[in-house]
Amino acid sequence: MKLLVTRHGETEWNKKNLILGRTDIPLNDTGIMQAKRLRDNIPFEFKYVFASPLKRTAMTAQIICENKDIEIKYDDRLIEMDFGIFEGKDRGDELYQKEKRKFFARFKHGESYFMVAQRVYNFLDEVIKEYVGENVLIVTHNGISRVIHTYFCDLENEEFAAYSLGNCEIKVYNID
């Protein structure tokens, strides 16, 4: 089984380096082009697609699946982390940079990474059990991609904080 994980294409907030969690905005023109490029260059065939239901991931999944007879299954567990009071702020914000390294603590009015890990790990457990021997594509967000990466790879705290998947970049995990 191969689990292919990709992040949605670029949005205007990504372009402006703003923290984008639950705000539901679409892809920009660059993001649409990135999704089309990914669609034409995915390294493996897949039969199943799961995506976050937010517009940017749904649009990316729909573009990738154009002209394919594949149903996209939307799962709320793949929605981006709730960054609480930091939503829409600059990613370079000093307080945000400090708070994002407190893995046990919730962002004020948001989630902690452990809360996110619980829902994402439960999702992965189910997919791996149900789709044995099949290739599955997951279209999600950067924060969720970071948590998925920890499911398969041990990371030190700073490695976790620094891990990032580019817009429409794909990461492949081989599951035996």
- Count of segment 19-51 residues which are of a type in the set (A, V, I, L, M), surrounded by fewer than 18 Cβ atoms within 10 Å (Cβ to Cβ) and not in a loop (DSSP other than H, G, I, E, B): 2
- Task: May I ask you to list the residues in segment 135-163 that are among the charged types (D, E, K, R) and surrounded by 14 or more Cβ atoms within 10 Å (Cβ to Cβ)?
- Result: R146
- In segment 92-100, is there at least one residue being modelled with pLDDT of 95 or more, closer than 17 Å to I25 by Cα and not β-branched (V, I, T)? no
- Across segment 1-15, which residue is surrounded by the fewest Cβ atoms within 10 Å (Cβ to Cβ) among those that are of a type in the set (D, E, K, R) and free of Cβ contacts under 8 Å to residues at least 60 places away in the same chain? K15
- For segment 148-169 the number of residues that are touching a residue at least 60 places away in the same chain (Cβ under 8 Å) and acidic (D, E) is 1
- Among the residues of segment 1-58, which ones are within 16 Å of G143 (Cα to Cα) and hydroxyl-bearing (S, T, Y)? T6, T11, T23, S52, T57
- Looking only at segment 151-176, count how many residues are under 13 Å from the mean Cα position of the chain (by Cα) and either farther than 22 Å from M33 by Cα or of a type in the set (D, E, K, R) (or both). 3
- Item | Residue in segment 59-67 that is surrounded by fewer than 19 Cβ atoms within 10 Å (Cβ to Cβ), out of contact with any strand residue (DSSP E or B) (no Cβ under 7 Å at 6 or more places or on another chain), of a type in the set (D, E, K, R) and under 21 Å from L137 (Cβ atoms) present | yes
- Message: Could you check segment 87-145 and list, in sequence order, the residues that are aromatic (F, W, Y), over 19 Å from the mean Cα position of the chain (by Cα) and part of a helix (DSSP H, G or I)?
- Response: Y96
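The values are calculated or read from the model by the stated rules, or taken from the named source; none is laboratory data. Fair warning: this is a prediction, and the values are worked out from it, not measured in the lab. Methodologically, a virtual Cβ is constructed for each residue, glycine included, from the backbone with ideal geometry; neighbour enumeration extends over all protein chains shown.
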